[in-house]
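Participant: Below is a structure I'd like to ask you about.
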Amino acid sequence: VVDAILVSGQDLAKRKHYKHPLMYEWHDKAYLGAAHGLAGIFFILLQVSDPSVQKQIREFVKPCVDYMLTLRFASGNCPSSLESTSGDKLVHWCHGAPGWMYMLVLAFKIFKDMRYLEAAKDCAK
């Protein structure tokens, strides 16, 4: 299952010419939240403990999390999708900062990158 998730993410990222190595869509939209977006997918991938894929997962997920950091609003909230035009108004677990916190805290624990912990704190504001 993990291999299929990684291959699918790589294929879409290449096909759509994203600079980061993984991308996923739901209903033809690049969602970012925890329910059906990048934050949720990366949160799950970062929990995989199988050593045969763990290194690959981390190599692919870290640049994606770094990219996601660039998308945040000044308020600390996060957009619901890459195509979002709703602005900084959705503050839900499924769309917005509350769902990103889980991914960011786990990314901090794994990568020891303080930017992730600071971003998680910003999400809590």
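What follows is calculated from the coordinates using simple rules that are stated; it is not laboratory data. Quick caveat, the model's predicted, so the values are computed rather than measured. Counting neighbours? That spans all protein chains shown, and the Cβs are built from the backbone with ideal geometry, glycine included.
Participant: So what are the three principal axis dimensions of the stretch 39-85 from its Cα atoms, in whole Å, longest to shortest?
Facilitator: Taking max minus min along each principal axis of the Cα atoms, the stretch 39-85 gives 39, 18, 15 Å.
Participant: In deg cm²/dmol and to the nearest 500, what is the mean residue ellipticity at 222 nm of the chain if only DSSP H runs of at least 4 residues count, each as -39500 (n - 2.57), divided by the residue total? Walk me through the numbers before you get to the answer.
Facilitator: Working: 5 runs with 66 residues, N = 125.
Roughly -17000 deg cm²/dmol at 222 nm, from the helical runs in the chain.
Participant: Under a crude label model (7 Å from the Cα following the beta-carbon direction), how far is R15 from E83 in nanometres?
Facilitator: If labels sit at R15 and E83, their model points lie 1.4 nm apart.
Participant: Magnitude of the Cβ-charge dipole of the chain, K/R +1 and D/E -1, about the Cα centre, nearest 20 debye?
Facilitator: Details: 15 positive and 12 negative charges, 53 e Å.
Charge dipole of the chain: 260 debye, to the nearest 20.
Participant: Return the inverse of the average 1/r over all pairs of distinct C-alpha atoms in the stretch 1-57, which is the Kirkwood hydrodynamic radius, in Å to one decimal. Write down the numbers at each step before the final one.
Facilitator: Numbers: mean 1/r = 0.0856 Å⁻¹.
It is 11.7 Å.
Participant: Across bins of 10 angstrom width beginning at 0, how are the C-alpha pair distances of the stretch 2-123 distributed, in whole percent?
Facilitator: Taking all Cα pairs of the stretch 2-123, the binned fractions are 14, 49, 32, 4, 0 percent.
Participant: Hey, another quick one. For the stretch 47-125 and the stretch 1-21, what is the separation of their Cα centres, given in Å?
Facilitator: Each part reduced to its Cα centre gives a spacing of 18 Å.
Participant: How high is the FRET efficiency between R115 and V7 when r is their beta carbon distance and R₀ equals 25 Å, given to the nearest 0.05?
Facilitator: Values: r = 28 Å, r/R0 = 1.13.
With a Förster radius of 25 Å, E is 0.35.
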